[in-house]
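Laboratory data are not the source of any read-out in this text; all were calculated from the coordinates shown. The model shown is predicted, which means the values in this text are computed figures rather than measured ones. Positions of Cβ are backbone-derived with ideal geometry, glycine not excepted, and every protein chain shown enters the neighbour counts.
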């Protein structure tokens, strides 16, 4: 076990953890951040995605020691029910989730996409989200919701 | 939102009971009612005068009026991510005359709700909907009675708006539901007969005419989405208790056998290890941290004894077994005229056999549950589709009364039938019992891919005779498949590992395509579902349970491909050919025509000529029925003849499920079914050999991704004068057939085996090329 300093959602946190522990379990169990989900533990599905210094990474295969003091954003850092992010608002307006289990990965990747492309086409979104799995079949609404969020950001 | 703010004790303190019986309408609802009414009630499962169950005849078991005038509706049904929480609340709001946001749903806790049967079979809106509607109507009538006394006015002069009762013409004379009954019990008996989906509740309550609905029929946004999108929603794996430990299961990749030896020194030194749990042939590890449990489960060296049974080595071996093994039950679904004689004497006949593989449910989040065993009592938190089934199985496993087991529903990831078998709950109970502390168990990805019960392999053979006018006169259809090895009332994985024997096989998959007799007019027809025993002396990874619209995507893939084959051979347009056989089923014809019109279908006879150039486009149609819901699909595909790849560009669906409760929620269910159905048709097949299942993860069991998802265009046919039927599954049924028919239209080859992989398509194209050369 070791003391590990993490910069999560703009706050410095210190956790006592085996440094080989994947970041996912530290976020969920030590810091009570349940946005990232365990889907496969293999980096295949994307349900565990967090944003690390602007890049979407799979927290289930990222040892916590490799991300010390680096800026991590989880779904909790995006917005809340009281103050939703424009993406979260757009997803509600498009009713773009069924079970919602994969939505963490979809929203975090959508955030990274919009940060570098403020007006993505449907093809851009499909390409950016292709590595994320959704089993309920919310894909079409997700595409519309991301475009809606882009439009609302352009207006703001 | 799930409202757990009211405890059962508070509820009992507060509530008045409302029980309503619902009428059954329409042939499919009647058929279902007869089916469920005819089922024997298992010993100990009769909920009347039974301390293991909440009293269905007490209105307080169903409704509780809060002091703020809101109403909590208690239901044994659960929301699996499909939006039924919102839809059921719409139904209750209308009958109670309250705003939608004044209804709170409390779902799926065994100590707080009546068992309305598992959330499965697309029967929640169809069966629980009328149950709750009648309960709500009985509640409203009682509230009006109380208001009449309070306001000193006859009930018939009273009007209710948003839960406030006033005297017509004298709006100042008013009283709210909260003032009338907030925090108090109804103390009212209602009539209740039957159990679960067959529960007939409060028939004496007068329900509204559909013309009076204000909330039903509206695209009310779902109550669960914002918290799900902001990480404020609690999913099953998010549930935690103080002092909770983490467990992982250790199972072999092939047939379950006994652990001949467990070498605990192999995990020596993993910090936070608590215990290796061994109980019969069950092996699990419990640790203080999740990561320690994962490492221990990976590292633990277990030597398994030689298994009692073996796995089949190939898909072909399973097909041969299905073909050559005597069935243990043959369900005759239709037998009209003498199809066999008609076909043997006809001048023109057709015959084809179709294959469907084992497929996974593929939950995004693998099985998970938390259990807390305290002496002979246990509390479980799980995403089970049947909290009462989970309770009964665990009570049986532990040998305790059902009332000693409390199961609380906490929604997990979408499960599509998989969680009709709640394996993780049993695993968590076994581990919690062994360590005397609450344990959270989550399966790893390979645990789930290998050990989830699968949708079984199916073989379908169809024969038909056609007369000189080009009309199908006789139809003979046999589907062969396996029963579910995991069904309600049979011991499941954990139970069997600690020594409970499995019971006799139960017929599982309704033979898909059987319902075709409800669509087309054939003079003679015979449709039979043959179930071949699938013995599992010890459970194998090819265990089976219901997978979304069980059996029917396969059955209708076969029957709708076969209809299409005949139409093409006769050089008749596929839509026109179907219409010629729908003269006595105008509702099905309307659905078919609606899809064709929306898709801009142009009459043509499907080509058997291969197009020029590498890419070819095609369109195909399929029609299906499930539980009375009618669905037509038009698929548009692009086939690459050089690579063999198939892309579904667009799917047009027309859908008739009677009264529509929430049109946006309905459309979303259809979109999901189209996308999942496309995935199952194009790429999904469990790989296995004699050494076990080889589909261990999302690379070895690929599913559809964003780039390949088709556009979906939907026509909803609303029939508000008809009962609301199911919609969670039906629209997956025609998808594989429509795609197969579109592939034929594009390149002139018939794929009779799912999935339609590039290898299969190239092989078919090559065979066609060499036969026409």
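Shape call for chain B from the C-alpha gyration tensor, a ≥ b ≥ c root eigenvalues: rounded (a/c under 1.5), prolate (a/b greater than b/c) or oblate?
Details: a/c = 1.94, a/b = 1.17, b/c = 1.65.
Judged from the Cα gyration tensor, chain B comes out oblate (a/c at least 1.5, b/c at or above a/b).
Give the shape of region B:593-772 as rounded, prolate or oblate, defined through the alpha-carbon gyration tensor: a ≥ b ≥ c are the square roots of its eigenvalues, a/c under 1.5 means rounded, and otherwise the shape is prolate if a/b is larger than b/c and oblate if not.
On the way: a/c = 2.34, a/b = 1.36, b/c = 1.72.
Since a/c reaches 1.5 but b/c is at least a/b, the shape of region B:593-772 is classed as oblate.
Given points 7 Å out from each Cα along the Cα-Cβ axis, report the residue A:93 to residue B:699 separation in nanometres with one decimal.
Spacing of the two 7 Å Cα→Cβ label points: 4.0 nm.
Based on DSSP, what percent of beta bridges with both residues in the protein assembly as shown are antiparallel, to the nearest 5?
Percentage antiparallel, nearest 5: 75.
What 222 nm value per residue comes from the helices of the protein assembly as shown, counting each DSSP H run with n ≥ 4 as -39,500 (n - 2.57) and dividing by all residues, nearest 500 deg cm²/dmol? Walk me through the numbers on the way to the answer.
On the way: 23 runs with 263 residues, N = 929.
One gets -8500 deg cm²/dmol as the mean residue ellipticity at 222 nm.
What is the extension gain from residue B:48 to residue B:258, computed as 0.36 nm multiplied by their sequence separation minus the C-alpha to C-alpha distance, in nm to one decimal? Don't jump to the answer; show the numbers that get you there.
Working: separation 210, 0.36 × 210 = 75.60 nm, distance 4.16 nm.
Result: 71.4 nm gained on full extension.
Please work out the FRET efficiency for the pair residue B:523 and residue B:329, using the Cβ-Cβ distance as r and a Förster radius of 22 Å; give the result to the nearest 0.05.
Working: r = 27 Å, r/R0 = 1.25.
The calculated FRET efficiency here is 0.20.
Between helix A:103-116 and chain A, what is the angle of the helix's C-alpha long axis to the longest principal axis, kept within 0 to 90° and rounded to the nearest 10?
The two axes meet at around 70 degrees.
I'd like the FRET efficiency for residue A:7 and residue B:298, computed as 1/(1 + (r/R0)^6) with the beta carbon distance as r and R0 of 22 Å, rounded to 0.05.
Values: r = 30 Å, r/R0 = 1.37.
Computed FRET efficiency for residue A:7 and residue B:298 comes out at 0.15.
Please give the average number of partner chain Cβ atoms lying within 10 Å of the Cβ of each residue in A:37-48, rounded to a whole number.
Working: counts 7, 11, 9, 11, 7, 7, 1, 5, 6, 2, 3, 0.
The shielding value for this peptide is 6.
For each of B:562, B:556, B:350, B:688, count neighbouring Cβ atoms within 10 Å of the residue's Cβ, then give the residues from fewest to most.
Numbers: B:562 28, B:556 33, B:350 19, B:688 25.
Fewest-to-most Cβ neighbours within 10 Å comes out as B:350, B:688, B:562, B:556.
Can you put B:655, B:240 in order of Cβ neighbours within 10 angstrom, beginning with the fewest?
Values: B:655 26, B:240 16.
With the sparsest Cβ surroundings first, the list reads B:240, B:655.
What ranking do B:273, A:1 get, fewest neighbouring Cβ atoms within 10 angstrom at the top?
On the way: B:273 20, A:1 12.
With the sparsest Cβ surroundings first, the list reads A:1, B:273.
Is the shape of the protein assembly as shown rounded, prolate or oblate, going by the alpha carbon gyration tensor and its root eigenvalues a ≥ b ≥ c, with a/c under 1.5 for rounded and a/b larger than b/c for prolate?
Numbers: a/c = 1.37, a/b = 1.10, b/c = 1.24.
It is rounded, given that a/c, with a ≥ b ≥ c, falls under 1.5.
Work out the FRET efficiency for residue B:155 and residue A:81 from their Cβ-Cβ distance, taking R0 = 45 Å, and round it to the nearest 0.05. If you can, show how the numbers build up before the last one.
Numbers: r = 41 Å, r/R0 = 0.90.
Using R0 = 45 Å, I get an efficiency of 0.65.
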